[in-house]
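Contents: one structure, followed by commentary.
A short reminder: the numbers here are calculations on the coordinates, not readings from a lab. The model shown is predicted, which means the values in this text are computed figures rather than measured ones. Every residue, glycine as well, gets a Cβ built from its backbone with ideal geometry; the counts of neighbours run over all protein chains shown.
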Amino acid sequence: MAGITRFEPFTAASIHDEFDRMLRETFGRPRTLLRGDGAPMATNAGAFGPALDVEEDADAFTLHVELPGVSAEDVEVSLEENVLTVSGERSFYADREADGFRRIERSFGRFHRAVRLPDRVDAGRVHAVHRDGVLTITVPKAEEAKPRRIAVSAA
């Protein structure tokens, strides 16, 4: 017998997330303007929007955020009213000048991603680990939000 799949119609939050993704894909791609000699004049710094995955199991939500080149000290994670926010900054190469580059495709600057979590969560037990360019955030579900199995007794 097939398992039961929860149907979740579009909500305002999911529509907002989809619209945000479309805008990032359309306008977030780095554009580099080059001078006549091929040296970069400007880039769209600040268009950096890290990709993320949201995983759910019976006990928690786990978010995996791609943050290559961003140190743990440059990242802030907050949770308020079931909205998990990851923000920070990826700086341009500290030891180089932009004049030496012929092409710049990586985005730099401030970033901000917010994800609305659908169930009540235990904000006091959120845990974040930054390793190998990936930030993994575990957000445990509150006990009252976890599914319960109800025993049926014979009368």
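Quick notes
- Contour excess over end-to-end distance, with Cα ends at Glu143 and Glu73 and 0.36 nm allotted per residue: 22.0 nm
- For Arg131 and Val83, the FRET efficiency from 1/(1 + (r/R0)^6), where r spans their Cβ atoms and R0 equals 22 Å, is about 0.35.
- Diffusion coefficient (Stokes-Einstein, Kirkwood radius over C-alpha pairs, 37 °C, 0.692 mPa s) for the stretch 81-155: 197 µm²/s, rounded to a whole number.
- Förster radius 22 Å - calculated FRET efficiency between His64 and Tyr93, Cβ distance, rounded to 0.05: 0.30
- Trypsin sites (Lys or Arg not before Pro) restricted to DSSP loop in the stretch 74-155 with at most 16 other C-beta within 10 Å: Arg96, Arg102, Arg103, Arg106, Arg120, Arg148, Arg149
- One chain, two ends: His112 and Ala155. Fully extended at 0.36 nm per residue, the span grows by 9.9 nm beyond their Cα-Cα distance.
- If the segment from Glu105 to Asp57 were pulled out straight at 0.36 nm per residue, it would be longer than the present Cα-Cα gap by 13.7 nm.
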